[in-house]
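The values are calculated or read from the model by the stated rules, or taken from the named source; none is laboratory data. These numbers were taken from a predicted model, which means no experiment stands behind them. A quick note on method: Cβ atoms are made from the backbone with ideal geometry, for glycine too, and the neighbour counts reach across all protein chains shown. Please note that ligands, DNA and RNA were not included when accessible areas were found on the heavy atoms of the full protein model with its side chains. Shrake-Rupley method; radii C 1.70, N 1.55, O 1.52, S 1.80 Å.
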Amino acid sequence: MARLVMKFGGTSVADIDRIRIVARHVKREVDAGFQVAVVVSAMSGKTNELVNWTRAAAPMHDAREYDAVVASGEQVTSGLLAIALQEMGINARSWQGWQIPIRTDGAHGAARIVDIDGSRLIERLEQGQVAVVAGFQGIGPDNRIATLGRGGSDTSAVAIAAAIKADRCDIYTDVDGVYTTDPRMVPKAKRLDRVSHEEMLEMASLGAKVLQVRSVELAMVHGVRTFVRSSFVDPEDPRLADPNNPPGTLICDEDEIVEKQVVTGIAYAKDEAQISLREVADKPGVAAAVFVPLAEANINVDMIVQNVSEDGTTTDMTFTVPTTDFDRAWKVLEQARDSIGYTSVQGSRDLTKVSVIGIGMRSHAGVAASAFKALAGKGINIRAITTSEIKISILIDAPYTELAVRTLHSLYGLDAA
Ligand code: ADP
Ligand code: ASP
Ligand code: MG
């Protein structure tokens, strides 16, 4: 019998009425003959509230206790959905991460799943029971609850789909698929029928939070067919029962995409900060002198740009860090001033990284040049640029975010007619 994982995000389970609607979506698939494992997030806003409570209790706190607190949101929704399903006459049971078990590494707060024993779940599914699994959580090597990082229920869902060999993993959310850019910012954004794993990986890591990055990695590695779709539609709409027709986006291998666009989507990430070290000696070892202390402080450096002075003796070193790490990075650089040897350090906080993504860029020249020209035409200053085979990222001042995203979206012909 075909097996399905259905994942519902925070807005899809925001209150009891929405949980009842989710139960009807589940019932539709059970009635269609699927064995179903459901993965749920916390009710929307709940995880933020829980995180804030841990901070209020103590700004610097034990990560294991943070996990004990923030994992509770998913525990509540898994129980509530099991109750709603039982009320509809469906045999259902809730599962916490430790009960399956979903084993993670010990990085509390941002743990990675290392192993899932799917046998108990499969046993229950084969008995005709719906499993309602709390997303976002597992159990670490210390036998304590560990959470998977914000947005981690997507990863729980894909990992469970791989463990129980599900035929498909449906990610139900508040939009009906992956769009050419965030549809909340650009109403002209178009839904994509298919997106390759590589492009989705870039889009997610460059700011499109519709899927957690790790979930896309797992889908790619384990070949999980992942389908992004809306829970905000009538669960009994007959079109949803047609396996070839529910609206949504399939994340798939590149060779399953017939029409390859040059540019598939635009993503943006706010809360970027820039640091520039002026007149650093241009000699071997200097990059290590800058970036090793930052890495040791666990600061994630992203874009790096180096400009050599005219006489070739010094260089300006510019790089970006998340705004939340700006102050720490600044301190680290001040402490390392003697070993690096710069004359001054400058920084800006309120920046955005806008990225253009598309596998077609591999075989097309001029994509970056046209982006720079279009942004210049709107008076948007570019602070830094990085490129890879399938993406261009451009650092700009945050107030220009929307203008830049819309400009690039139109430039590459992504606007809906
Ligand atoms: P959930 O709570 O269901 O996990 P999220 O809020 O994490 O939902 O992700 C869905 C949101 O992602 C959408 O509401 C949308 O604003 C945002 N988003 C950003 N970029 C995109 C994109 N390219 N396509 C679709 N949604 C996107
Ligand atoms: N509830 C968690 C969060 O808000 C996990 C998730 O929803 O995916 O980050
Ligand atoms: Mg999410």
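Things to note:
- Candidates ILE145, ILE390, ILE382, ranked by Gaussian network fluctuation over the chain, Cα under 10 Å, top entry: ILE382
- Angle between the chain longest axis and helix 286-296 axis [Cα atoms, degrees, rounded to 10]: 30 degrees
- Under 5 Å between amide hydrogens, built in the peptide plane, is the criterion, and for THR104 it picks out VAL114, ILE139, GLY140 among residues at least 5 positions away or on other chains.
- Cα coordinate range in segment 1-149, projected on the principal axes (Å, largest first): 49, 32, 17
- Computed from backbone phi, the HN-Hα couplings of segment 171-185 come to 9, 8, 9, 9, 10, 9, x, 8, 9, 4, 7, 4, x, 6, 8 Hz, rounded to whole numbers (Karplus: 6.51 cos²θ - 1.76 cosθ + 1.60, θ = phi - 60°; Gly and Pro given as x).
- Neighbours of ARG24, meaning other residues whose beta-carbon lies under 14 angstrom from its beta-carbon, give a summed charge of -3 when Lys and Arg score +1 and Asp and Glu score -1.
- Once the Cα atoms are used to define both axes, helix 46-57 deviates from the longest principal axis of the chain by about 60 degrees.
- Hits among lysines - C-alpha to C-alpha of LYS378 under 25 Å, sequence gap 8 or more where chains match: LYS188, LYS190, LYS270, LYS353, LYS391
- Taking the chain as a Gaussian network of alpha-carbon nodes connected by springs under 10 Å, the highest mean-square fluctuation of the residues VAL130, VAL38, VAL233 belongs to VAL233.
- Principal-axis tilt of helix 153-163 within the chain, Cα atoms, nearest 10 degrees: 60 degrees
- Close amide H pairs (under 5 Å, H built 1.01 Å from N) link CYS252 with VAL195, SER196, HIS197, residues at least 5 positions away or on another chain.
- Summed over qualifying helices (DSSP H, 4 residues or more, each -39500 (n - 2.57)) and divided by its residue number, the chain shows a 222 nm mean residue ellipticity of -10000 deg cm²/dmol.
- In order along segment 122-136, phi translates into HN-Hα couplings of 4, 4, 5, 4, 5, 7, x, 9, 7, 9, 10, 9, 6, x, 6 Hz, rounded to whole numbers, per the Karplus curve 6.51 cos²θ - 1.76 cosθ + 1.60 with θ = phi - 60° and x for Gly and Pro.
- Amide H contacts of GLY265 (H built 1.01 Å from N, under 5 Å, at least 5 apart or other chain): ILE357
- Virtual spin-label span in nm between GLN335 and MET60, 7 Å along Cα→Cβ: 1.2 nm
- For the chain, built as a Gaussian network whose Cα springs stay under 10 Å, the top-fluctuating residue of ILE266, ILE19, ILE100: ILE100
- In order along segment 88-103, phi translates into HN-Hα couplings of 8, x, 9, 6, 9, 8, 7, 9, 8, x, 5, 7, 6, x, 9, 8 Hz, rounded to whole numbers, per the Karplus curve 6.51 cos²θ - 1.76 cosθ + 1.60 with θ = phi - 60° and x for Gly and Pro.
- Largest-first ordering by accessible area, 1.4 Å probe, given options LYS331, LYS373: LYS373, LYS331
- Bridgeable lysines around LYS27 (alpha carbons under 16 Å apart, same-chain partners fewer than 8 residues away excluded): LYS7.
- Here, P(r) means the percent of Cα pairs in each 5 Å bin from 0 to the largest distance; for segment 143-259 it is 2, 11, 20, 25, 20, 13, 5, 2, 1, 0.
- Taking every Cα-Cα distance in segment 327-417 and sorting them into 5 Å bins from zero, the calculated P(r) comes out as 3, 11, 21, 18, 14, 10, 9, 8, 4, 1, 0, 0 percent.
- Residue-level accessible surface for GLU254, protein heavy atoms, 1.4 Å, Å²: 50 Å²
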